[in-house]
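So the structure is just underneath, and the comments pick up after that.
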Amino acid sequence: MAYVAPAEAEVEEVELYHAKSFLTKYVFSQDAKVIAIQYSSVAIAIGLVGLVLSSLMRLQLGFPESFSFIEPSDYYQFITMHGMIMVVYLLTALFLGGFGNYLIPLMVGARDMVFPYVNMMSFWIYLLAVMILIASFFVEGGPTGAGWTLYPPQAILEGTPGSGGGIILMLVSLVFFIIGFTMGGLNYVVTVLQGRARGMTLMRMPLTIWGIFTATVLALLAFPALFVGGLMLLLDKVLQTSFFMPTILSLGEQLEYGGGSPILFQHLFWFFGHPEVYIVALPAFGIVSDLISVHARRHIFGYRMMVWALVGIGGISFIVWAHHMYVSGMNPWFGFFFATTTLIIAIPTALKVYNWVLTLWKGNIRFTIPMLFALGFIVTFVNGGITGLFLGNVAIDVPLSDTMFVVAHFHMVMGVSPLLVIFGAIYHWFPLMSGRMLNDTLGKVHFWVTFLGAYLIFLPMHYLGFLGVPRRYFEMGETNFIPASAQDLNAFITIVTVIVGAAQVLFFYNLFTSMKSGEVAEKNPWKAASLEWQTAEQPPGHGNFGAELPVVYRWAYAYGVPGAKDDFVPQNMHPDEVGEPGAHEASEE
Amino acid sequence: MSLFSQLAERPWAPEQAAIDDQHDGGEFTLPAPQVGLRVFLGVASALFTLFIVVYVERMVFSDWQPLPEPWLLWVNTLILFASSAGLQWAWVSADKNKADDVKKGLYVGGVLGFAFVVGQLLVWQQLANLGYYASSNPASAFFYLLTALHGVHLLGGLIAWARTAYKVQSGLSLAKTRGSIELCAVYWHFLLILWIVLFSLLLFT
């Protein structure tokens, strides 16, 4: 078929903001790449605080009564802050603010986000939210210890750790986080919709962008629920309104509250909370699809179904929230409905897993570090997902609820799994961001210790859950129905946790030394077809694509194209340059 | 092309490639700021819908006592309507290239928008004088909360309005300010519809 050249670009060149000083170039920067690094640095820094908190919790659980500096109230504060930090301030911010900012403009062929100033404000408001969160560690009574779900009435009542300034700062921080995220989210969505390069149709976008885009839409619709719940809880605390607070006695005294509904808060929280799982998971799904395709030198299997599954999962994720509330008490039909939707959401999710495996089938698999992490993700996600099917059923959830089984489940599925993708993505895109390669040996040690360590930590935790070991307990004491050996298992888990935690030092050592003295990366070292690797410079400069914006001629998965010069064809390579006539016509088997 | 038909495309197929190569990269014919505003209005709608759902859920409890409805709320509603109409006038005038009418419409819209916020604060004062505080009853708590949030959205709009008015006043051509005027008008219409929904909710409950 004769090639028809596209018409002249009708899209006007974006007027870029050019920084004039160090301050506007690197601090108050409007360049999405700099904002991405800022977001990522802050998210990882606060994530390390979350990691330290989890180690402290594990020390208490593994060796109770050995650490006099950990009081029961401290333990609850560690739990709460660990959960909130990891879910919201690390994972959401890193996937969307970090990877979203870096990858969206580059992968869709834009010079920057469509609203760079608003994008910059998004980061600074996020930073403010993090600062407020950190400030809560230093107020009288410390940070809130209400559990990351912040359920009223206990979250704001005296007797709960951090029920003074701690809970107020937590809620204020969340409100700021949501405002900041909304500013960023508008950018991500509108850049994907309106800022793409010529020829980049929606269905030519890499799955990474589909994942980030869908997750952002989810977040824009789900975070308002947390905003509503958080703001009303704040008013219950500060102005003594009774949105959620029932008539209640506290420490023998009748409080002024009355008539409110704590269950209402739970609905609001989980209407946000369950999509939040997918706000974290969908970017991970997208990124891992691209890692597998690039490192197996094969087009992603079932691209369209992968897109449909992302969108489908996003939609269904809004009608499963009450499976977190089976033990709150609900009409059995209500429980039946949510159990059914929970099982249904497993279908598109399983479809993605099959397609990842089928992409690997007969692929030219290269066991690079990003590929190892991607494979580790698939296995871990299947493990964590299957226990999710257990817990989605009311009859199984009720006895397992509030046991360590639940902790093991959600750490596998939304802790370890996305973290493996984050590591894989950093190893994959580090050469683009820094122009240097990460050390391979250190990377492999980091992968194996993290991957195997995660299993040594969380597989036994499932077993503890089956035994009936409850979650959230400061210590077990003497409990007749739990064998003493459970404590040995707890001690074992703690020791592995400390080792895996310490192994992350290797990663950071690798990151910082490679940034300065790592092997210089050749251009497009993984031979990827997507646009971010086709920039004029590596790392990409201000404006991303040099003098002219790229024109896109194909999807991002043109690997092993018959007759092509190389085993991949970049998205922006003109059909005449590909090789033999017709070589650009990559076909899906 | 609808989203659904786009999702059915087969991007690897040669016949699809010939079509895709002609794509200009944008999804809508609207400029990015207009799309951005509409996405934002979607988020704001989700936020207020959730508030309304919670409101309806909370009002079925026995402690709910309806609030009195100060007549000033009707006046404020008219003011916001006129404010929205003013901005619509500015938008239409911008399309017709009538610079003087743009200014008039813009000032009517902005000043009346500000007057609405002041009017809402007066309603708060009236209610407080009658002994209805945020902590008195869930109905009054919701009233203060919803009017405050609506007011904050309007104040945000007034910042955008002030920037636009400054641009118009400093003599920038209508070609360069038309987009901002349209954004202000669309946002004001949204806030008017939102207020009518919230006011109806307060009236009927």
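The values are calculated or read from the model by the stated rules, or taken from the named source; none is laboratory data. What you see is a predicted model; the values in this text were computed from it and never measured. Positions of Cβ are backbone-derived with ideal geometry, glycine not excepted, and every protein chain shown enters the neighbour counts. What goes into the accessible areas is simple: the full protein's heavy atoms, side chains included, and nothing from ligands, DNA or RNA. Shrake-Rupley method; radii C 1.70, N 1.55, O 1.52, S 1.80 Å.
Tally up the residues in the range A:330-376 that are of a type outside the set (A, V, I, L, M) and closer than 16 Å to residue A:278 by Cβ, please.
Selection size over the range A:330-376: 6.
In the set A:305, A:330, which member is at pLDDT below 95 and more than 20 Å from residue A:425 (Cβ to Cβ)?
One residue alone meets the criteria, A:330.
In this structure, is residue A:564 surrounded by 21 or more Cβ atoms within 10 Å (Cβ to Cβ) and not charged (D, E, K, R)?
Considered against the rule, which asks whether it is surrounded by 21 or more Cβ atoms within 10 Å (Cβ to Cβ) and not charged (D, E, K, R), residue A:564 comes out as no.
Would it be correct to say that residue A:532 is open to solvent by less than 10 Å² (accessible area, probe 1.4 Å) and over 30 Å from residue A:62 (Cβ atoms)?
Here the answer is yes, as residue A:532 does meet what is asked.
Would you be able to tell me the number of residues in the range A:372-422 that are closer than 27 Å to residue A:328 by Cα and open to solvent by less than 40 Å² (accessible area, probe 1.4 Å)?
The total comes to 20.
Quick check on my filter: what residues within the range A:56-72 are at pLDDT 95 or above and among the small types (Gly, Ala, Ser)?
A:62 - this is the single residue of the range A:56-72 that is at pLDDT 95 or above and among the small types (Gly, Ala, Ser).
Working only within the range A:131-153, note down all residues that are part of a helix (DSSP H, G or I) and closer than 11 Å to residue A:171 by Cα.
A:132, A:133, A:136
Does at least one position in the range B:122-134 carry a residue that is open to solvent by 60 Å² or more (accessible area, probe 1.4 Å), among the small types (Gly, Ala, Ser) and either at positive phi or outside any helix (DSSP H, G or I) (or both)?
Within the range B:122-134, not a single residue is open to solvent by 60 Å² or more (accessible area, probe 1.4 Å), among the small types (Gly, Ala, Ser) and either at positive phi or outside any helix (DSSP H, G or I) (or both).
Among the residues of the range A:316-352 satisfying the criterion of being assigned to a loop (DSSP other than H, G, I, E, B) and touching a helix residue (DSSP H, G or I) at 6+ places or on another chain (Cβ under 6 Å), which is nearest to residue A:389 (Cα to Cα)? I'd like the intermediate steps shown before the answer.
Of the residues in the range A:316-352, the ones assigned to a loop (DSSP other than H, G, I, E, B) are A:320, A:325, A:329-331.
From what is left, the residues that are touching a helix residue (DSSP H, G or I) at 6+ places or on another chain (Cβ under 6 Å) are A:320, A:325.
Working: A:320: 12, A:325: 15 Å.
Here the answer is A:320.
For the range A:300-312, check the following and say yes or no: at least one residue is of a type in the set (Phe, Trp, Tyr), surrounded by 23 or more Cβ atoms within 10 Å (Cβ to Cβ), farther than 30 Å from residue A:149 by Cα and away from chain B (no Cβ under 13 Å).
No; the residues of the range A:300-312 include none that is of a type in the set (Phe, Trp, Tyr), surrounded by 23 or more Cβ atoms within 10 Å (Cβ to Cβ), farther than 30 Å from residue A:149 by Cα and away from chain B (no Cβ under 13 Å).
Across the range A:468-486, which residue is surrounded by the most Cβ atoms within 10 Å (Cβ to Cβ) among those that are within 21 Å of residue A:455 (Cβ to Cβ) and in contact (Cβ under 8 Å) with a residue 40 or more places away in the chain?
Only one residue fits best here, namely A:469.
Of these, A:157, A:171, which one is more than 13 Å from chain B (Cβ to nearest Cβ), open to solvent by less than 10 Å² (accessible area, probe 1.4 Å) and touching a residue at least 40 places away in the same chain (Cβ under 8 Å)?
A:171
Quick one: count up the residues across the range A:234-260 that are among the polar types (S, T, N, Q) and either open to solvent by less than 10 Å² (accessible area, probe 1.4 Å) or more than 7 Å from every other protein chain (Cβ to nearest Cβ) (or both).
4
Has the range B:87-97 got at least one residue that is within 14 Å of the chain's Cα centre (by Cα), open to solvent by 40 Å² or more (accessible area, probe 1.4 Å) and in contact (Cβ under 8 Å) with a residue 12 or more places away in the chain?
Yes, that holds for at least one residue.
Going by the conditions given, is residue B:137 polar (S, T, N, Q), open to solvent by less than 30 Å² (accessible area, probe 1.4 Å) and within 14 Å of another protein chain (Cβ to nearest Cβ)?
yes
Identify all residues within the range B:169-179 that are in contact (Cβ under 8 Å) with a residue 24 or more places away in the chain and either under 15 Å from residue B:92 (Cβ atoms) or charged (D, E, K, R) (or both); write none if there are none.
Hits for the range B:169-179 are B:174, B:177, B:178, B:179.
What number of residues in the range A:487-526 are assigned to a loop (DSSP other than H, G, I, E, B) and open to solvent by 60 Å² or more (accessible area, probe 1.4 Å)?
Counting residues in the range A:487-526 that are assigned to a loop (DSSP other than H, G, I, E, B) and open to solvent by 60 Å² or more (accessible area, probe 1.4 Å) gives 3.
Please go through the range A:261-280 and pick out each residue that is open to solvent by 10 Å² or more (accessible area, probe 1.4 Å) and more than 14 Å from chain B (Cβ to nearest Cβ).
Within the range A:261-280, A:274, A:277, A:278 meet the criteria.
Consider only pairs whose beta carbons are under 7 Å apart and that are at least six residues apart or on different chains; among these, list those whose first residue lies in the range A:325-338 and is more than 14 Å from residue A:401 (Cα to Cα) and whose second residue is small (Gly, Ala, Ser) and open to solvent by less than 80 Å² (accessible area, probe 1.4 Å).
If the second residue must be small (Gly, Ala, Ser) and open to solvent by less than 80 Å² (accessible area, probe 1.4 Å), the pairs left are A:330/A:322; A:334/A:322; A:338/A:322.
Every residue, every condition in (1) of a type in the set (A, V, I, L, M, F, W, C); (2) open to solvent by 40 Å² or more (accessible area, probe 1.4 Å); (3) in contact with a helix residue (DSSP H, G or I) (Cβ under 7 Å, 6 or more places away or on another chain), yes or no:
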{"site": "A:24", "(1), (2), (3)": "no, no, no"}
{"site": "A:43", "(1), (2), (3)": "yes, no, yes"}
{"site": "A:51", "(1), (2), (3)": "yes, yes, yes"}
{"site": "A:60", "(1), (2), (3)": "no, no, yes"}
{"site": "A:63", "(1), (2), (3)": "yes, yes, yes"}
{"site": "A:67", "(1), (2), (3)": "yes, yes, yes"}
{"site": "A:97", "(1), (2), (3)": "no, no, yes"}
{"site": "A:110", "(1), (2), (3)": "yes, no, yes"}
{"site": "A:113", "(1), (2), (3)": "yes, no, yes"}
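Please find, among A:557, A:553, the residue that is in a loop (DSSP other than H, G, I, E, B) and open to solvent by less than 20 Å² (accessible area, probe 1.4 Å).
Residue meeting the stated conditions: A:557.
Taking the range A:262-282 as the region of interest, how many residues are in contact with a Pro (Cβ under 8 Å, 6 or more places away or on another chain) and over 15 Å from residue B:50 (Cβ atoms)?
3
Checking the structure you have, find out if any residue of the range B:78-100 is of a type in the set (Phe, Trp, Tyr), part of a helix (DSSP H, G or I) and at the interface with another protein chain (Cβ under 9 Å from one of its Cβ atoms).
Looking for residues that are of a type in the set (Phe, Trp, Tyr), part of a helix (DSSP H, G or I) and at the interface with another protein chain (Cβ under 9 Å from one of its Cβ atoms), one finds none in the range B:78-100, hence no.
Residues that are under 22 Å from the mean Cα position of the chain (by Cα) and under 22 Å from residue A:216 (Cα atoms): does the range A:323-332 have at least one?
No, that holds for no residue.
Suppose the filter is farther than 30 Å from residue B:35 by Cα, more than 17 Å from the chain's Cα centre (by Cα) and buried (at least 18 other Cβ atoms within 10 Å of the Cβ); does residue A:132 pass it? Write out each step before concluding.
Numbers: farther than 30 Å from residue B:35 by Cα: yes; more than 17 Å from the chain's Cα centre (by Cα): yes; buried (at least 18 other Cβ atoms within 10 Å of the Cβ): yes.
Judged against the criteria, residue A:132 is a match.
From the list A:226, A:231, A:221, which one is touching a residue at least 60 places away in the same chain (Cβ under 8 Å), closer than 27 Å to residue A:87 by Cα, within 12 Å of chain B (Cβ to nearest Cβ) and touching a Leu at 6+ places or on another chain (Cβ under 9 Å)?
A:231
Which helices (runs of 4 or more DSSP H) does the range A:16-119 wholly contain that include 1 or more residues that are in contact with an Asp or Glu (Cβ under 9 Å, 6 or more places away or on another chain) and among the β-branched types (Val, Ile, Thr)?
Details: elements: A:32-62, A:72-84, A:101-108.
Because the criterion is at least 1 residues that are in contact with an Asp or Glu (Cβ under 9 Å, 6 or more places away or on another chain) and among the β-branched types (Val, Ile, Thr), no helices (runs of 4 or more DSSP H) in the range A:16-119 meet it.
Could you list, in sequence order, all residues of the range B:25-50 that are within 13 Å of residue A:201 (Cα to Cα) and either among the hydroxyl-bearing types (Ser, Thr, Tyr) or open to solvent by less than 50 Å² (accessible area, probe 1.4 Å) (or both)?
Kept after step one, since they are within 13 Å of residue A:201 (Cα to Cα), are these residues of the range B:25-50: B:25-28.
Correct list: B:25, B:26, B:27.
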